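Read through the structure below, which is laid out as structure tokens, and then see the notes.
The values are calculated or read from the model by the stated rules, or taken from the named source; none is laboratory data. Just so you know, these numbers come straight off a predicted model, no measurement behind them. Please note: Cβ atoms are built from the backbone with ideal geometry, for glycine as well, and neighbour counts cover all protein chains shown. To get the accessible areas, we keep the full protein, side chains included, count just its heavy atoms, and leave off ligands, DNA and RNA. Shrake-Rupley method; radii C 1.70, N 1.55, O 1.52, S 1.80 Å.
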Amino acid sequence: MALNEIVRMHEDLERSLKKPVAKRSWIMVIDIRKCVGDHACAVSCMAENVCPPGTSYRKVFETEYKSFPELDRFFMPANCQHCDNPPCMKAANSMGKGAIQKRPDGIVVFDYAKLAKSKKAAEAAKKACPYYSIVEDKGGFYTDGTPVLEPYEIRDFYEYDKKLNRKKGDARGSIRKCTFCLHRLESGMLPACVGTCIGRAMYFGDKNDPVSLVSELLKKEKTWNFKAGLGTNPRVHYIGYEDRTKISVATPASCAACHQ
Amino acid sequence: MTEKDKEVTCKLDEYLDTLPEPEQGMTRRTLLKSGALLGGSALLMSQMEGAFSLLRSAEAAGGSATGEYPLSKATSVIYSVCLQCHTACPIKVKILNGVAVKIDGNPYSENMIPNLNYATPVARAAKIDAKVCPKGQAGVQSLYDPYRIVKVLKRNGPRGANKWKVIPFNTAVDEIVNGGELFASIGENRHVAGLKEIRVMNDPKLSADMAKDAKQVAEGKMKVAEYKARYSAHLDLLIDPEHPDLGPRNNQLLSMWGRIEHGRIELGKRFMYGGFGSQNLIEHTSICEQSHHIAYKEATNQYKDGKWSGGITHMKPDSFNSEFIIFFGTGFVEANFGPPCMAEKVTDGLASGRLKVVVIDPRMSKSASRAWKWLPVKPSTDAALALAMVRWMMENKRYDEKYLLNANKAAAKAGGEPTWSNATHLVKIEKDGPGALLRASDIELGDKDSFVVIAGGNPTAVKADDDKNAVTGDLDYSGELKGIKVKTAFTILKEEAFSKSMAEWSEITGIPVKDIEEVTREFTAHGKKAAVEFYRGPVQHTNGYYNAQAIIALNILIGNTDHKGGMSIGGGHWHEYASGKNKEQFNHEKTQPNKLTAFGHKITREGSHYEKSTLYNGYPAKRPWLPFTSNVYQEALPSAADGYPYGIKALWLHMGSPGLAAPAGHTALQILADVNKIPLFFATDIVLGESSMYADYVFPDTAIWERFGNPHASPDIPLAVSKFRQPVITPLTEVVTVYGEKTHCSYECHRR
């Protein structure tokens, strides 16, 4: 068994942070064979990023397929793919300039103030995303309608190097999505979903670093991109399921159930 | 307590003082609005404001926009232990301005594989989050539940009407202890017996004497009349002088625990047994996993110094190294013991190709979705499926014969085996089937502490733990020795497995013969690196014990225990009472002053033989007696309602909900609602639960993130681990005074 991949990825991360931002190239690798569908990643992400009802940056799509007794289940963890050719950016920026930007390290950045102001740009971006990764912060709280608005919902949180607080209105009314936990990366931490995964299906690191674990995985494993044919050039790479006859990786039929 | 904590406590007091006194007839909803149930936010917000202004001034002084991410700092981290399930994973709780905002796994802990080097500085560890399951992460939501109870509530309407009033802690304790017309203000004209009135036996010496003799009476060694004469001055202490074996009236306090664990167990037992003198402390185990534990214990018990002992209650596959694992009525992703420690070892094997798994479960679980084969067995037919597998193994000689032939420790040692079985030991066959193991003394071959095997055609006495004289026996033997019909344990299992054809087993279980054969072939194709893991699925049936024994037999047939990739008992822990010579130094029960001896049949009649009781009056008994088990949760309330063997006067419900968790829970709620059957009912809970909402008094308990504890490690952890839970925030419950000391209201407070 590969020994402590988490520690190794931390070391990879620390090495990359010593380089200028432009020399870093963040990617995520997800081994679906090891995804057990427990949604720990999604819960961790929501707590980390103070996601209100109806929003989640990380979704684990679940589907059942075939019928009894051949019945099987499939889990597909998905989030913003941080495309190198992001359709959302093109769509939004045509209506509100600079609302969505691409950082040199690959991360696609949303400007909440601009996107909250230009509903049209937000709507266009949401529609343009082929990965259903963009969600709208409609402003509510989970503890709305209870005796108290609980403190974990109205706490400060940190995204894109900004301190935000939803009680003060930050991010509310805007569209939101996975940030690759940029605020954590810059502090030398892996994205929240990576550490918490109980099946150890999640990997993160710098593609430009040839000795990083993710670079090694890209070389060693047969990886594939979601909807690769669209030319979006995603930064999330998947491993797995090519050896299973029930799900063809090239055309994950079961995924179509969720990704209409 | 730090300075900051004091400040919080003080502010909480101030805040609580501002609460309006609730009026009569308030409903739970209005009570919530008044703030008697405080989520803690108001208090925390007042502190957060101070922190904000500090931050703002720091920023004004020219720092970066956000500075270092606060949750990446060691000063934001408090390590503790989860209890969202009994796996009790070590957690890392991140605190921002006094609020527990996020829960991750502790990277120094065994859940990180392998754990972070202990020499790693805390500043670095703060940046490394280990895994924890979504339920553990949802601790934030349980801790800051908007419906947390933070003050003592007294019923202000009929039981279950959810009408409450807030009363001071001391008033509640006084009322419960002293009793009286406690509910006169809501029209209940009845005298409620307080705990003082129930705890009539309070003389340690007398309780010990009366206990000893009551046992004699129960066993028929002393006449009731003799007992009555001997204790004529004290008969009023007994529930029924005609039945001294029911024990003192102290037994009429019943305490039921749901989840309770070390740190509290010791305190609870000390209070109920030695302190209160009641036998009736009933844990939840029978509705959890008990038959699994008893089956394992009996399968692993050793015969030593004339008795069976030393059995262990739980084993897990060495899934780091296994090549094939059958998860029988359980999985590695859901429940069990538990996903954070189990999942990775399995997924690692699945991805690398080292491991194949099978999941046997009527439900297509998430674990099943990762399995090579899923066998949707008909519920409760697990033993039939296991016996079908046994049959196939025997028909095809796919068991470890060499292992099974070893009849004692010396033989195992000679064969390089860490364990041995009694497959070759002879069992007496009575007229209704297999009875006890044959002893050498039964056939004048040796002493009564020796068993018998057939070796080279001759009956041979064998001591199982003999590590000098290796004995191997015949595996398959059936015959008669000195007029006693005997068979080997192996033969008995074989005959049971062959009592039905594969097709018949298939019909019972709903699993096609082809699948049974394929799975068994694979199970027996990996030497000792295969294992059958089972847990609550097969055992939580009335035939659960037998299902468990049939499944354990599969592991014994391949002799995989203590082999790499086979079954393991885990690393264990150091006991909270300390270990070795110092063991008793911290034993609360042993060091208790003026300790009473609790005695009498428990209300559930667990651990008691009907025939060895003065209530014996032919068959059937009014309710079942359960001599071989303990903690029969579902039996406690119905027995109290039936007054068999006696009624109770007070119930203390803690961290559990019989209404939700016990079979036929709706009937439990009917009993709880009946003031004639349960005259006094108090509960400790963090919210008003499905069952605690029927209580007369509800005391706010500290949530697990607000208190101490020392849970044990999962048997899936191969390392020896002791865990320590510590509070991560100041408890949200009100501050009360116990023995002159201020403390937050909790379970621990009620020992006043």
Sites residue A:113 and residue A:219 - FRET efficiency at Förster radius 35 Å, r taken between beta-carbons, to 0.05: 0.25
Segment B:294-435 shape via C-alpha gyration tensor axes, a/c threshold 1.5: prolate
Exposure rank, largest accessible area first [B:682, B:724; 1.4 Å]: B:724, B:682
Amide H contacts of residue A:158 (H built 1.01 Å from N, under 5 Å, at least 5 apart or other chain): A:164
Loss of accessible area when B meets A, both sides summed, Å² nearest 100, probe 1.4 Å: 5200
Heavy atoms of residue B:190: accessible area, 1.4 Å probe, square angstrom to 10: 40
Nearest-ten-degree value, helix B:204-218 long axis tilted from longest Cα axis of chain B: 40
Trypsin sites (Lys or Arg not before Pro) within segment A:78-152, DSSP loop, no more than 15 other Cβ atoms inside 10 Å: A:97, A:138
Dipole of segment A:3-258 [Lys/Arg +1, Asp/Glu -1 at C-beta], most positive-end residue of A:234, A:100, A:149: A:100
Karplus (6.51, -1.76, 1.60) ³J(HN,Hα), θ = phi - 60°, over segment B:515-523, in Hz, Gly and Pro reported as x: 5, 4, 5, 4, 5, 5, 4, 5, 4
Positive minus negative residues near residue B:602 (Lys, Arg vs Asp, Glu; Cβ under 13 Å): -2
The protein assembly as shown: antiparallel DSSP beta bridges as a percent of all, rounded to 5: 65
Euclidean distance of C-alpha centroids, segment B:429-502 and segment A:195-210, integer Å: 57
Helix B:544-558 axis, angle to chain B major axis (alpha carbon atoms, nearest 10°): 50
Degrees between helix B:382-395 axis and first principal axis of chain B (Cα, 0 to 90, nearest 10): 30
Accessible surface ranking that places the most exposed of B:513, B:122 first, with a 1.4 angstrom probe: B:122, B:513
Under 5 Å, built H, 5+ apart or other chain: amide partners of residue B:427: B:438, B:487, B:488, B:489
Residue B:739 versus residue B:208: modelled label distance in nm, points set 7 Å from Cα along the beta carbon direction: 2.3
Net +/- balance of residues flanking residue B:428 in space, Cβ distance below 14 Å, scoring K and R +1, D and E -1: +2
Alpha-carbon gyration tensor eigenvalues x 5, square-rooted, for the protein assembly as shown, Å: 52, 42, 24
Karplus-derived HN-Hα couplings along segment B:336-349 (A = 6.51, B = -1.76, C = 1.60, θ = phi - 60°), whole Hz, x at Gly and Pro: 6, 9, x, x, x, 8, 8, 4, 5, 5, 7, 5, 4, x
Of all accessible heavy-atom area on the protein assembly as shown, the percent that carbon and sulfur account for (1.4 Å): 53
Principal axis dimensions, largest first and in whole angstrom, of segment A:3-258 by Cα: 49, 49, 38
Hypothetical label at residue B:177: residues of segment B:721-748 whose amide nitrogen lies under 19 Å (7 Å Cα-Cβ projection): B:735-748
Kirkwood-Stokes translational diffusion coefficient of chain B, alpha-carbon pairs, 37 °C, 0.692 mPa s, µm²/s: 113
Within-12-Å neighbourhood charge of residue A:89 [Cβ basis; K, R +1; D, E -1]: +3
Considering only segment A:3-258, percent of DSSP beta bridges that pair antiparallel, nearest 5: 85
Dipole in debye (nearest 20) - segment A:3-258, about Cα centre, beta carbon charges: Lys, Arg +1; Asp, Glu -1: 900
DSSP beta bridge pairing in chain B, given as percent antiparallel to the nearest 5: 60
Contact order relative to length of segment A:3-258, as percent, for alpha carbon pairs under 8 angstrom and 6 or more apart: 30
Cβ-based charge dipole, chain B, positive-most Cα from B:510, B:700, B:737: B:737
Spin-label pair residue B:191/residue B:574, simplified geometry with 7 Å Cα→Cβ offset, distance in nm: 5.4
FRET efficiency, 1/(1 + (r/R0)^6) with R0 22 Å, evaluated for residue B:363 and residue B:500 via beta carbons: 0.30
Accessible area expressed per residue, segment A:3-258, with surrounding protein chains retained (probe 1.4 Å, Å²): 37
Interface residues, segment A:177-197 - accessible area loss of 30 Å² or more versus chain alone, probe 1.4 Å: A:184, A:187, A:189, A:195, A:196
With DNA, RNA and ligands ignored, accessible area of residue B:395 (1.4 Å probe; Å², nearest 10): 90
Estimated FRET transfer efficiency (residue A:103, residue B:480; beta-carbon r; R0 56 Å; 0.05): 0.05
Exposure of residue B:159 as accessible area (Å², to 10), given a probe of 1.4 Å and all protein chains: 20
Within the protein assembly as shown: Cβ-based charge dipole about Cα centre, in debye rounded to nearest 20 (Lys, Arg +1; Asp, Glu -1): 2460
Helix-derived mean residue ellipticity, 222 nm - over chain B, DSSP H n ≥ 4, -39500 (n - 2.57), to 500: -8000 deg cm²/dmol
Segment A:85-163: radius of gyration over Cα atoms, expressed as a fraction of 2.2 N^0.38 Å: 1.28
Average accessible area per residue (Å²) across chain B - probe 1.4 Å, nucleic acids and ligands excluded: 40
Cα-centre dipole for chain B with unit charges at Cβ (Lys and Arg positive, Asp and Glu negative), debye to 20: 360
Dipole of segment A:3-258, positive direction: furthest Cα of A:113, A:129, A:182, with charges on the beta-carbon: A:113
Other-chain or far-sequence residues with amide H under 5 Å of residue B:725's (modelled H): B:709, B:710
Phi to ³J(HN,Hα) by Karplus 6.51 cos²θ - 1.76 cosθ + 1.60 over segment B:156-169, Hz, x for Gly, Pro: 10, x, x, 3, x, 6, 6, 10, 9, 9, 7, 10, x, 3
